[in-house]
1. For a quick check of your reading: which helices (runs of 4 or more DSSP H) sit entirely within the stretch 72-128 and have at least 3 residues that are open to solvent by less than 30 Å² (accessible area, probe 1.4 Å)?
2. Can you name the residue in the stretch 162-180 that is among the hydrophobic types (A, V, I, L, M, F, W, C) and surrounded by fewer than 24 Cβ atoms within 10 Å (Cβ to Cβ) and is also farthest from A148 (Cα to Cα) among such residues?
3. Could you run through the stretch 120-161 and say how many residues are farther than 20 Å from S288 by Cα and under 16 Å from the mean Cα position of the chain (by Cα)?
4. Is the stretch 55-64 home to any residue that is over 19 Å from Q242 (Cα atoms), part of a helix (DSSP H, G or I) and touching a residue at least 60 places away in the same chain (Cβ under 8 Å)?
5. Considering only helices (runs of 4 or more DSSP H) fully contained in the stretch 264-347, which possess at least 2 residues that are free of Cβ contacts under 8 Å to residues at least 24 places away in the same chain and not aromatic (F, W, Y)?
6. Would you check if S381 is surrounded by fewer than 24 Cβ atoms within 10 Å (Cβ to Cβ) and part of a loop (DSSP other than H, G, I, E, B)?
7. Looking only at residues that are within 12 Å of the chain's Cα centre (by Cα) and not aromatic (F, W, Y) in the stretch 33-55, which one is farthest from V88 (Cα to Cα)?
8. Considering the stretch 218-243 alone, what residues qualify as being aromatic (F, W, Y) and open to solvent by 10 Å² or more (accessible area, probe 1.4 Å)?
Amino acid sequence: MSMQASELGPTRSSNWRTPAVIILCGCAIGMLGFGPRSALGFFVQPMSHEFAWGRDVFGLAIAFQNLLWGLGQPFAGAVADRFGLFRVMCVGALLYAGGLLLMRYSSTPMSLNIGAGVMVGFGLAGCSFNLVLSAFTKLLPAEKRGLALGAGTAAGSLGQFLFAPIGVALIDNFGWQQALTVFGFLMLLIIPLALAISTPPVASTANASPADEQTITRALAEAFGHRSYVLLVLGFFTCGFQLAFITVHLPAFLVDRGLSTQTGGWVIAAIGLFNIMGSLSVGYLQNSLPKRYILSTIYFTRALATLAFISFPITPFSAIAFGAVSGLTWLSTVPPTSALVALMFGTRWLATLYGFAFVSHQVGGFLGVWLGGIVFEKYGSYTPIWWLSILFGVLSALINLPIVEKPVARAVAQPA
């Protein structure tokens, strides 16, 4: 009864936490968490120009951010699963804000790596939309989860849509230092919002189901021994590679092709705007269509869009059109991916298991950003990375097709 009391207590005593409040506050956190990091590409040129850095310097810092976000996600998820979400969100928001403020005062590659890389990376692990989605799955009734997962993902895109032009405007009018200061203080709003989506700590009980009494070690062994989970994790690598490369390097790529900085801002904003539609649509469609087919279609569409983009002259129209098509598929992989993890293994260790899938995503992100900077400095062109992105998109489209969408078979405990 102790576990039942701990789980039901917050729901009974917190009548203000209705499904609508939970979804709205969770979406606000997703918007705030995803917004600044999606606008960091606009700081590449002003910071590189001021400190005479190559793009590989900034690229390495953001690559570390992506990698540490991924590596920190399963640990943040495990702590949230075991001890509740609120504390994790608070620590994440403070690290995120501190990292942006340190980035504002960075004048060496080392301080940039610590602020934009280490602190923002671990901060994102503790307060990004990934934990919001796991909270939605745990706190909301099953019939509301699909659309809520889509809404939570779309909120991240809304943050991208808003923060991209805001970031450009702040940099143009007040300078990049002041822009980072504003972004840093905005991250502190996550702390009060996290009260609405806090999940209770979970203790073991003698009457628990096999899923509830499962240890984290057994959960991980079960997941990584499951073929469909491994395929899902491998496919998620491509998502991170493509998104991180475009977020960080596309604005500079467009300037290299003679387009204005403002055009780059509107392209990133278009990605965010159209992904609102894409994420909401996928959140709705995954209730009726096989999730593996949705994922395969998303990855193949990205590959085709990238091929078309680099095959024709780059103009403001083609750039924004690429942003719109990319936006429809941008974070649309997240709702079916998290839903598949919950379907296969339940919600007990959802934040942890999705966190390990996200490691693959962020390893891809690390390589996308880092290789983009390395390749550009060596060859003066991003062309090899564009083609690598196309190849990964096709491979991931194929990898997701054999996934089996059903709960993992578990032995039922027998009475003594």
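1. 86-104, 120-127
2. Filtering first and then ranking leaves F174.
3. The qualifying residues number 22.
4. Scanning the stretch 55-64, I find at least one residue that is over 19 Å from Q242 (Cα atoms), part of a helix (DSSP H, G or I) and touching a residue at least 60 places away in the same chain (Cβ under 8 Å), so the answer is yes.
5. 291-311, 316-329
6. yes
7. Restricting to residues being within 12 Å of the chain's Cα centre (by Cα) and not aromatic (F, W, Y), the top hit is S38.
8. Scanning the stretch 218-243 gives F224, F237.
The values are calculated or read from the model by the stated rules, or taken from the named source; none is laboratory data. As the structure is a computational prediction, the values presented were derived from the model and not from experiment. Heads up, the Cβs are rebuilt from the backbone with ideal geometry, glycines too, and the neighbour counts pull from every protein chain shown. Side chains are part of the model used for accessible areas, which takes the heavy atoms of the whole protein and leaves out ligands, DNA and RNA. Shrake-Rupley method; radii C 1.70, N 1.55, O 1.52, S 1.80 Å.
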